[in-house]
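The values are calculated or read from the model by the stated rules, or taken from the named source; none is laboratory data. Please read these numbers as outputs of a predicted model, since none were measured by experiment. Virtual Cβ from ideal backbone geometry, glycine too; neighbours counted across all protein chains shown. Ligands, DNA and RNA are excluded from the accessible area calculation, which covers all protein heavy atoms including side chains. Shrake-Rupley method; radii C 1.70, N 1.55, O 1.52, S 1.80 Å.
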Amino acid sequence: MSFRLRALGLLLLVAVAATVATAWLTWRQATGQVRESVSAGRAETSRITGELYTYGYTHGTWDGVSALVGELARQTGQRIRVLTDADVLLADSDALAGRSVRPVSDQPPVLVDPRPRLRFPDGKVPLASVKATVTALGEYRGAVSYATCLTHADAEVTTEPNRFGVPRITAGRKVGQCEKLKAAADAGEQISQDSEAVSKCGTERELRTCLRRAFAERAAAFAPSRLQVRIGVLHESPPSLAAAPTVLVAGGVAVAVVLGGFLLSRTVLRPIRALTSAARGLGQGDLTYRVPEFGRDEIAELGRVFNGMATSLQRAEARQRRLTSDIAHELRTPLANLRGYLEALRDGVVEPTPELLDSLHREAMLQQRIVDDLQDLALAEAGSLTYHRAPVDLRELLRTCRTAHLPRAEEGGVRLELAIEQPSYVDGDADRLRQVVGNLVRNALRATAPGGTVTLALGARRDRAVVEVRDTGTGIRAEDLPHLFDRFWRADAARGRATGGSGLGLAIARQIVADHDGTIEVESTVEVGTTFTIALPARGATCPPAPASGPAGLPVPRDRDRPASR
C-alpha cells in the first residue's frame, strides 16, 4: 500500500474517532449544562439576594420590590418568588410576567435580612459601646422612616453606611413631609426604651455580641422584615440538544480533516518523489540531478542537504577525473622518453653512453618520485601514513633545514636566515615535519630572485608553536591562493617538472600538518613575497628535544625521507 493511502487511512481513522468522541462529549456536557441551568447557579443566586438586600437596606421597606424582582427574572432567566418570614407573598416573577404560576423549586429558600450589622469604631470602651448602640438605634430608626417616606414619594434614594454600619440616606430631591418625619425621628422619642434594652448588656461578658443582639431585636420593630427567596421551578425537564446540528458539525469536521490530510500528503509526497527521482539519477551516474528548494520546513531542508551532497559528489568526481588526467599527463612524458630511448638502444640507433644511461636513470627517478608522492598523499588522506612521534625541538629542526638547503641558497644568491624567538617543542614525527619545512624552503628558494631573502622563523602564539617560512620572491596572486594546496596545481602554468616539481608537495604538507593537529596557512603579495605559517600544539619549553639530526647537523637519512615539491 502506498504512503498516500496509508496516511489518508490513518488520518481518516483518527479524524473519525476524534470527531465521534468530541461530539459525544460535547453533547453530554451541553445536556448536563442545560439541566443544571434550570436550578439557580451560585453566581445568579448571589446576585439576586444581593440586589434584594441592597433594596431593603436602602429603602427601609419592601414596597416597590416587585419591579426589582421582575427585572432580575428577565436578566437571569430564573423564576423568583419572594415572601416575608411570615409567609406573606411580596412578589412572584411568573405573576409579574403574566404567565401561569409554576410550582416553585423544592430547594431551601435563601434568607435575606436587610437589617445592618452593628459596627463599633476601634478603641471604644464598654460604656462608650453601650451609648454608641443607643445612638445607632436612633439613627437607624430615623433612616428607615426617612427612606420609607422617600420611597412612597417616588424620590430617588441613595445610601452609604456610617461609622456604625447604619445607612445614611440621601434624597434625590427634598420632600417636605419626609424632612419633618426625619426630624421627628432624630428627636429621639424611643431613646429611653432603647437605653433600657441596651443597658441589660452591661453585665454580659461578651458585651459587643450582646449589644449586636439587642440592636437587632430593637430594629426588628421598625426595619423591613426578613425575606424568603425561592429560585427555580420544581421538576422542570431540561431542554435537550438537537442531534442534527451536532451530526452536521461532526461530519464537517471529518471532511475538513480528510481534505487537510490529502493536502498534507500531497505536500509531503511531491518533494519526496523529486528526491527519489534525483537519488535514482545519482545512482545511475548522473550527478547533475537537483531537487527544487522551496520553503524553510524539514522537507525543504532535506532537499537542500541532498543538493549539497550531489554538488559534493559532482566536485569529487571532477577532482577524481582531473587527478587521473594529471597523473596521466605527468607520467606520459617520462614514459615516452624512456620508451623512445630504449627502442633506440634496442635498434642500435644510439650508443649506450654513460651520459645517456644517466639521463634515463633521472627520468626513472622522476617517475619514481611522482609515484611515491602519490602514495604518500593517498596514505595521508586515508589516515594510514606512518608517524614515529616523539618530542621535537623545532629550533633544532629549523637549524637542520637551513644547513641542508644553505648550499642551494648560496648557489642562487639568496640569503637563508633564521629568526628564533624562543625554544619550542612539539609532539610529532621529526622527519615528516622536516619534510614539510623543506618543501616550503625549496619553494621559497625557487620563487626568490638573487639578492632576496628566505627566513625561517620560530615563535609562539598562545598554546601553539608557530613556524614561518618567509620569502621576498615573486608572490602569488590572490585568485590563485585558494588552489595552492590542490594536487598537481601550479601557480605558473609555464613551469614544468624540471622547475616546478610534481605539484603534490603542498598537498602532502597540508595533510602531514593536519595529522599533527596543526594548521598551515599562506599569505602572499605579488612582487613582495609569500609567508607560509605552520601552527602546531606546543609541549612547553622544558621538554627535551628529540634526536632529529645526525653528524654535522645533517638529517638522519631514511628510505622515505625524500624531497617533495609544490
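Just one of 31, 19 is modelled with pLDDT of 75 or more, open to solvent by less than 60 Å² (accessible area, probe 1.4 Å) and in a helix (DSSP H, G or I); which is it? Explain how you work it out, then say what you get.
Details: 31 fails: modelled with pLDDT of 75 or more.
One residue alone meets the criteria, 19.
Only one of (1) polar (S, T, N, Q); (2) at pLDDT below 85; (3) part of a helix (DSSP H, G or I) is not met by residue 502, so which one is it?
If we test residue 502 against (1) polar (S, T, N, Q); (2) at pLDDT below 85; (3) part of a helix (DSSP H, G or I), just (3) comes out false.
Looking only at the stretch 511-534, count how many residues are more than 18 Å from residue 472 (Cα to Cα) and either acidic (Asp, Glu) or touching a Cys at 6+ places or on another chain (Cβ under 7 Å) (or both).
Qualifying residue count for the region: 2.
Determine which member of the set 106, 87, 63 is part of a loop (DSSP other than H, G, I, E, B), on the phi > 0 side of the Ramachandran plot and not polar (S, T, N, Q). Even if it seems obvious, please write down each step before you answer.
Working: 106 fails: on the phi > 0 side of the Ramachandran plot; 63 fails: on the phi > 0 side of the Ramachandran plot.
Among 106, 87, 63, only 87 is part of a loop (DSSP other than H, G, I, E, B), on the phi > 0 side of the Ramachandran plot and not polar (S, T, N, Q).
Can you pull out every residue in the stretch 166-178 that is surrounded by 15 or more Cβ atoms within 10 Å (Cβ to Cβ) and part of a loop (DSSP other than H, G, I, E, B)? Don't jump to the end; show me each part of the working.
Going through the stretch 166-178, the residues surrounded by 15 or more Cβ atoms within 10 Å (Cβ to Cβ) turn out to be 166-167, 169, 171, 175, 178.
If the condition is that a residue be surrounded by 15 or more Cβ atoms within 10 Å (Cβ to Cβ) and part of a loop (DSSP other than H, G, I, E, B), then 166, 175 are the ones that fit.
Could you check the stretch 252-272 and list, in sequence order, the residues that are among the small types (Gly, Ala, Ser) and exposed (fewer than 12 other Cβ atoms within 10 Å of the Cβ)?
Of the stretch 252-272, the ones among the small types (Gly, Ala, Ser) are 252, 254, 256, 260-261, 265.
Scanning the stretch 252-272 gives a single hit, 252.
Could you go through the stretch 215-231 and let me know if any residue there is open to solvent by less than 70 Å² (accessible area, probe 1.4 Å), part of a helix (DSSP H, G or I) and either of a type in the set (Gly, Ala, Ser) or at pLDDT below 70 (or both).
Residues of the stretch 215-231 open to solvent by less than 70 Å² (accessible area, probe 1.4 Å): 215-216, 218-220, 222-225, 227-231.
Narrowing further to those that are part of a helix (DSSP H, G or I): 215-216, 218-219.
The next check asks that each one be either of a type in the set (Gly, Ala, Ser) or at pLDDT below 70 (or both); those that pass are 216, 219.
Yes, the stretch 215-231 contains at least one residue that is open to solvent by less than 70 Å² (accessible area, probe 1.4 Å), part of a helix (DSSP H, G or I) and either of a type in the set (Gly, Ala, Ser) or at pLDDT below 70 (or both).
Do any residues in the stretch 273-288 that are among the β-branched types (Val, Ile, Thr) and open to solvent by 30 Å² or more (accessible area, probe 1.4 Å) have Cβ atoms under 8 Å from those of residues that are modelled with pLDDT under 80 and part of a helix (DSSP H, G or I), where the two are at least six apart or on different chains, and which pairs are they?
none
Within the stretch 445-465, work out how many residues are of a type in the set (A, V, I, L, M) and more than 52 Å from the chain's Cα centre (by Cα). Please lay out each step first, then the result.
First, the residues of the stretch 445-465 that are of a type in the set (A, V, I, L, M): 445, 447, 449, 454, 456-458, 460, 465.
Filter once more, keeping what is more than 52 Å from the chain's Cα centre (by Cα): 445, 447, 449, 454.
Number satisfying all stated conditions: 4.
Specify the residue that is surrounded by the fewest Cβ atoms within 10 Å (Cβ to Cβ); the eligible residues are those in the stretch 447-491 that are in contact with a strand residue (DSSP E or B) (Cβ under 7 Å, 6 or more places away or on another chain), more than 20 Å from residue 410 (Cα to Cα) and small (Gly, Ala, Ser).
460
In this structure, is residue 299 aliphatic (A, V, I, L, M), surrounded by 12 or more Cβ atoms within 10 Å (Cβ to Cβ), in contact (Cβ under 8 Å) with a residue 40 or more places away in the chain and assigned to a helix (DSSP H, G or I)? Working first, answer last.
Numbers: aliphatic (A, V, I, L, M): yes; surrounded by 12 or more Cβ atoms within 10 Å (Cβ to Cβ): yes; in contact (Cβ under 8 Å) with a residue 40 or more places away in the chain: no; assigned to a helix (DSSP H, G or I): yes.
For residue 299, the condition - aliphatic (A, V, I, L, M), surrounded by 12 or more Cβ atoms within 10 Å (Cβ to Cβ), in contact (Cβ under 8 Å) with a residue 40 or more places away in the chain and assigned to a helix (DSSP H, G or I) - is not met.
Just checking, does the stretch 135-152 include any residue being β-branched (Val, Ile, Thr) and at pLDDT below 80? Full working, then the answer.
Our first condition is that a residue be β-branched (Val, Ile, Thr); within the stretch 135-152, this holds for 135, 144, 148, 151.
Add one more test, that the residue is at pLDDT below 80, and what stays is none.
Checked against the condition, which is being β-branched (Val, Ile, Thr) and at pLDDT below 80, the stretch 135-152 yields no hits at all.
Going through the stretch 63-72 one residue at a time, which ones are open to solvent by 20 Å² or more (accessible area, probe 1.4 Å) and under 14 Å from residue 112 (Cβ atoms)?
Applying the first criterion (open to solvent by 20 Å² or more (accessible area, probe 1.4 Å)) to the stretch 63-72 yields 63-64, 66-68, 71.
68, the sole residue that qualifies.
Only one of these is within 57 Å of the chain's Cα centre (by Cα), in contact (Cβ under 8 Å) with a residue 60 or more places away in the chain and surrounded by fewer than 17 Cβ atoms within 10 Å (Cβ to Cβ): 75, 107. Name it.
Values: 75 fails: in contact (Cβ under 8 Å) with a residue 60 or more places away in the chain.
None of the others qualify; the one that does is 107.
Could you count how many residues in the stretch 146-165 are surrounded by 18 or more Cβ atoms within 10 Å (Cβ to Cβ) and either outside any helix (DSSP H, G or I) or charged (D, E, K, R) (or both)?
Within the stretch 146-165, residues that are surrounded by 18 or more Cβ atoms within 10 Å (Cβ to Cβ) and either outside any helix (DSSP H, G or I) or charged (D, E, K, R) (or both) number 2.
For the stretch 388-446, which residues satisfy the criterion of being open to solvent by less than 10 Å² (accessible area, probe 1.4 Å), of a type outside the set (A, V, I, L, M, F, W, C) and touching a Ser or Thr at 6+ places or on another chain (Cβ under 6 Å)?
Result: 400, single match.
Return the residue satisfying two criteria in turn: it lies in the stretch 329-385 and is surrounded by fewer than 15 Cβ atoms within 10 Å (Cβ to Cβ) and among the hydroxyl-bearing types (Ser, Thr, Tyr), and of such residues it is modelled with the highest pLDDT.
353
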